Amino acid sequence: MSSNVRLQILKKINFALLQSTPRPFVPDESGTETYVRNDAELDLLFAETFTRLQGNFSYCLNTAEMVHQMTQLATHKAWDKWFCGSKELRLKMEQLGWQLPWHNDLASCNVAITGCESLVARTGSMVLSSAASSGRTASVYAPAHICVAYSHQLVYDISDALSLLQQKYPGPKMPSLISFASGPSRTADIEKTLVTGVHGPKEVFCFLIDA
């Protein structure tokens, strides 16, 4: 590209940036939400939406039942390399009967267990952070990801989840990574064929504990 052509393009861009462009729509100042809120039975709404997005949902009455269900899952999947960056969660599971040894190398594990900041019922999303996941990679690096959540972490919409984050981490305390995960990673870029597990875990599980 010649310098004259490049200069002409830059001039056009600069001119366009200086021009005021009218809004293509009238801003909504009514204060009403697009979706009708229903804060009742958030666990049921999350489960329905999450499983529709190919996530695997398990409801547990307490942490002991979660350990029992995970042990059964480990046997069913033949997973023997479990990673969990949270020492508190590992100790709690061990006290309740978890017997499989922990695997410290995330790169070669079968499954990684993390916590979360909240669960968004309307979108079936797990709100993950580097603080709740004990790092930035645990929720996306392993072939399978298990999220441990509690019923009090359920919120209706994304705006509610963001409000909780701002309250929990004011100002500079905000975690360096916050992500919204809705089931396994997927793409349809290649011939419009849906493929899962391309940019992250192939399987995603959410164990919701009633607490």
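The values are calculated or read from the model by the stated rules, or taken from the named source; none is laboratory data. Small disclaimer: the values here were computed from a predicted structure and weren't measured. We place every Cβ from the backbone using ideal geometry, glycine too, and count neighbours over all the protein chains shown.
Among the candidates Ser133, Ser176, single out the residue that is at pLDDT below 95, within 14 Å of the chain's Cα centre (by Cα) and outside any helix (DSSP H, G or I).
Exactly one residue qualifies, and that residue is Ser133.
Pairs only if they're at least six apart or on different chains, beta carbon under 8 angstrom, first in the range 42-58 and on the phi > 0 side of the Ramachandran plot, second polar (S, T, N, Q); list them, first residue then second.
Hits for this filter: Gln54/Thr196.
I'm checking my understanding of the structure. Among residues of the range 112-140 that are free of Cβ contacts under 8 Å to residues at least 60 places away in the same chain, out of contact with any Gly (no Cβ under 8 Å at 6 or more places or on another chain) and not small (Gly, Ala, Ser), which one is nearest to Glu65 (Cα to Cα)?
Among those that are free of Cβ contacts under 8 Å to residues at least 60 places away in the same chain, out of contact with any Gly (no Cβ under 8 Å at 6 or more places or on another chain) and not small (Gly, Ala, Ser), it is Ile113.
Would you say Ala64 is at pLDDT below 95 and either hydrophobic (A, V, I, L, M, F, W, C) or part of a loop (DSSP other than H, G, I, E, B) (or both)?
Values: at pLDDT below 95: no; either hydrophobic (A, V, I, L, M, F, W, C) or part of a loop (DSSP other than H, G, I, E, B) (or both): yes.
Judged against the criteria, Ala64 is not a match.
List every residue pair whose Cβ atoms sit under 9 Å apart, with the two residues 6 or more apart in sequence or on different chains, where the first one lies in the range 88-99 and is on the phi > 0 side of the Ramachandran plot and the second, anywhere, is assigned to a helix (DSSP H, G or I).
These pairs meet every condition: Gly97/Ala64; Gly97/Val67; Gly97/His68; Gly97/Thr71.
Just wondering, is there one or more residues in the range 20-38 that are among the β-branched types (Val, Ile, Thr), within 24 Å of the chain's Cα centre (by Cα) and modelled with pLDDT of 95 or more?
No, that holds for no residue.
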